[in-house]
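Enquirer: Here's a structure for you.
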Amino acid sequence: MARGLATPLFALLIPVLVRRLGRATTHALALGVAGLGLLAVPLIHTPGLLYLPMIAAGVGWASVVSMPYVILVDHLPKEQYGIYMGIFNMFIVIPEICVSLGLGGVIMGLLHNNRAYGVAFGGALLLVAAVLTPALRRYEPSAR
């Protein structure tokens, strides 16, 4: 429920943040918040406090489902949006399918079946993405 509320509320703030910070910086900020939240999961031992990382995940999710497309769209020929967005979406969906088919089991084996560490591993990867995302600023039409 916490993520369910955090996602639409943060989504309403995204346009304001984009105007102030730019697209890539806004996305990096959201990825960083989500990464830190998920990285904190193994450190939380009170179930009620798990709402905090889920709120952070909601912030990241709001950005993940919108900002990559917004960042990409200015670099596509308008008459071919559909084909390029479809190809881009495959680069999102195919890794998800691969993880669901087996990579998750490999990671859980390496993490001794500790699901909290699996979530934290995802948080660490989100932090890597947050660090790399500002490099996209140089490709923004109005990069600051």
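The values are calculated or read from the model by the stated rules, or taken from the named source; none is laboratory data. These numbers come from a predicted model, not from an experiment. All Cβ positions, even for glycine, are placed from backbone atoms using ideal geometry, and neighbour counts span all protein chains on display.
Enquirer: Taking V70 as meeting all but one of (1) closer than 23 Å to A130 by Cβ; (2) in contact with a Leu (Cβ under 7 Å, 6 or more places away or on another chain), write down the number of the exception.
Expert: Tallying (1) closer than 23 Å to A130 by Cβ; (2) in contact with a Leu (Cβ under 7 Å, 6 or more places away or on another chain), V70 fails exactly one: (2).
Enquirer: Select, from V64, V41, the only residue that is modelled with pLDDT under 95, closer than 17 Å to L125 by Cα and either within 13 Å of the chain's Cα centre (by Cα) or among the aliphatic types (A, V, I, L, M) (or both). Steps first, please.
Expert: Working: V41 fails: modelled with pLDDT under 95.
Being modelled with pLDDT under 95, closer than 17 Å to L125 by Cα and either within 13 Å of the chain's Cα centre (by Cα) or among the aliphatic types (A, V, I, L, M) (or both) holds for just one of V64, V41, which is V64.
Enquirer: Considering only residues that are over 15 Å from L136 (Cα atoms) and of a type in the set (D, E), look in the range 58-98 and name the one that is surrounded by the most Cβ atoms within 10 Å (Cβ to Cβ).
Expert: Within the range 58-98, the match that is surrounded by the most Cβ atoms within 10 Å (Cβ to Cβ) is E96.
Enquirer: Looking at the range 1-32 only, could you name the residues that are charged (D, E, K, R) and over 14 Å from the mean Cα position of the chain (by Cα)?
Expert: Looking only at the range 1-32, we keep the residues that are charged (D, E, K, R), and these are 3, 19-20, 23.
Correct list: R19, R20.
Enquirer: Within the range 64-71, does at least one residue satisfy the condition of being in contact (Cβ under 8 Å) with a residue 40 or more places away in the chain, out of contact with any Lys or Arg (no Cβ under 8 Å at 6 or more places or on another chain) and over 21 Å from L5 (Cβ atoms)?
Expert: So the first thing to find is which residues in the range 64-71 are in contact (Cβ under 8 Å) with a residue 40 or more places away in the chain, and the list is 66-68, 70-71.
Cutting the leftovers down to out of contact with any Lys or Arg (no Cβ under 8 Å at 6 or more places or on another chain) gives us 66, 68.
With over 21 Å from L5 (Cβ atoms) added as a condition, the list becomes 68.
Yes.
Enquirer: Determine if the range 107-118 includes at least one residue that is in contact (Cβ under 8 Å) with a residue 24 or more places away in the chain and closer than 16 Å to T133 by Cα.
Expert: Looking through the range 107-118, none of the residues is in contact (Cβ under 8 Å) with a residue 24 or more places away in the chain and closer than 16 Å to T133 by Cα.
Enquirer: Now for a different question. Answer yes or no: is there a residue in the range 47-59 that is outside any helix (DSSP H, G or I) and hydroxyl-bearing (S, T, Y).
Expert: From the range 47-59, those outside any helix (DSSP H, G or I) are none; that's our starting set.
For the range 47-59, residues outside any helix (DSSP H, G or I) and hydroxyl-bearing (S, T, Y): absent.
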